[in-house]
Amino acid sequence: MINTLNWWHECIRDVPDFPKPGIVFKDITPLLANGEAFSAVVSELACHVGSDVDAIVGIEARGFIFGAALAQQLGLGLITVRKPGKLPANVHSVEYELEYGMDRLEIHRDALSIGHKVVVVDDLLATGGTAAATVQLVRKLGAEVDACLFVIELSFLNGKKALGDVNVHSLLRYE
Ligand code: AMP
């Protein structure tokens with residue numbers, strides 16, 4: 001497993017000062033371009049999805065890539081949580097805090113029902129605001145979040161704390 005983790009780490013490129021000065025962007029495009037590594041990452045994510053889970057929830061945009069592949073592998077549906085104004089039918093919205101200012105995420109009101117159990121997927125957990133807003137949206141529909149899965153976690157930003165009692169699994173952690 002240590003060799004596998006090293007291999008995955010090598011497939012993630014650090015891009016300093018993107019999208020703004022001081023941010024080290026974790027670029028997953030080399031991982032996606034490597035068929036073997038991409039497939040192995042999705043299979044590892046699948047190990048953390050219980051057999052009683054009804055759907056995968058992917059967060060725009062890079063969460064769609066891993067979420068769709070995971071849903072397809074497990075034979076589950078994909079629910080999309082999107083940036084404002086992208087979903088065409090009636091939505092629930094949740095506002096959340098960014099480093100500077102606020103942002104909003106939306107889900108279709110009929111995407112899930114009371115009693116549904118889901119797993120939320122995104123590429124990266126930083127401060128946790130994005131994932132916490134997604135958990136709120138799922139709960140607004142009466143559904144339950146079984147776990148949040150991430151390919152990468154920036155542990156030094158303490159994103160797990162923002163997710164409270166939700167189970168969190170990350171494949172690669174940066175301390
Ligand atoms: P946060 O809400 O702070 O946990 O930020 C998580 C979201 O922002 C994810 O959808 C990531 O794709 C993106 N993100 C935040 N920080 C980075 C980073 N350093 N590199 C790549 N993506 C990031």
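The values are calculated or read from the model by the stated rules, or taken from the named source; none is laboratory data. Fair warning: this is a prediction, and the values are worked out from it, not measured in the lab. Glycine gets a Cβ as well: all are built from the backbone with ideal geometry, and neighbour counts include every protein chain shown. Accessible surface areas use protein heavy atoms only, side chains included; no ligands, DNA or RNA. Shrake-Rupley method; radii C 1.70, N 1.55, O 1.52, S 1.80 Å.
More than 20 angstrom separation, counting every C-alpha pair in the chain; what % is that?
Details: 7760 of 15225 pairs.
Of the Cα pairs, 51 percent sit more than 20 Å apart.
Given a 1.4 Å probe, how much area per residue of the chain is accessible, in Å²?
51 Å²
Between residue 103 and residue 73, what is the FRET efficiency for a Förster distance of 30 Å, r being their Cβ-Cβ separation, to the nearest 0.05?
The computed FRET efficiency comes out at 0.50.
Cut-off under 29 Å on the C-alpha distance; same-chain residues fewer than 8 positions from residue 26 excluded. Which lysines are left, in chain and number order?
83, 86, 160, 161
For the pair residue 4 and residue 174, what calculated FRET efficiency results from E = 1/(1 + (r/R0)^6), where r is the Cβ-Cβ distance and R0 = 22 Å, to the nearest 0.05? Please report the intermediate quantities before stating the final value.
Working: r = 17 Å, r/R0 = 0.75.
The calculated FRET efficiency here is 0.85.
Contact order normalised by length for the chain, with contacts defined as Cα pairs under 8 Å and 6 or more residues apart; what percent is it?
Computed over the chain, the figure is 18 percent.
For 1, 102, give me the order by solvent-accessible area with a 1.4 Å probe, most accessible first, ignoring ligands, DNA and RNA.
Ranking 1, 102 by accessible area, largest first, yields 1, 102.
What residues have an amide H closer than 5 Å to that of residue 79, excluding those fewer than 5 places away on the same chain, when H is modeled at 1.01 Å from N in the peptide plane?
56, 57, 58
Taking the Cα atoms of the range 81-175 alone, what are Rg (to one decimal) and Dmax (as a whole number) in Å?
Here Rg and the maximum Cα pair distance are 13.2, 41 Å.
Sort 82, 62, 173 from largest to smallest accessible area, using a 1.4 Å probe on the heavy atoms of the protein chains.
Ranked from most to least accessible, the order is 173, 62, 82.
What is the sum of charges, Lys and Arg at +1 and Asp and Glu at -1, for the other residues whose Cβ falls under 14 Å from the Cβ of residue 27?
-1
Would you mind telling me the share, in percent, of accessible area of the range 7-174 contributed by carbon and sulfur at probe 1.4 angstrom?
Whole-percent figure for carbon plus sulfur exposure: 50.
Scan the range 71-172 for GluC sites (Glu not before Pro) in coil per DSSP, keeping those whose Cβ has at most 14 other Cβ atoms within 10 Å, and list them by number.
Within the range 71-172, the qualifying GluC sites (Glu not before Pro) (loop, at most 14 other Cβ atoms within 10 Å) are 99.
Which percentage, to the nearest 5, of the DSSP beta bridges contained in the range 64-164 is antiparallel?
Taking every DSSP beta bridge within the range 64-164, about 50 percent pair in antiparallel fashion.
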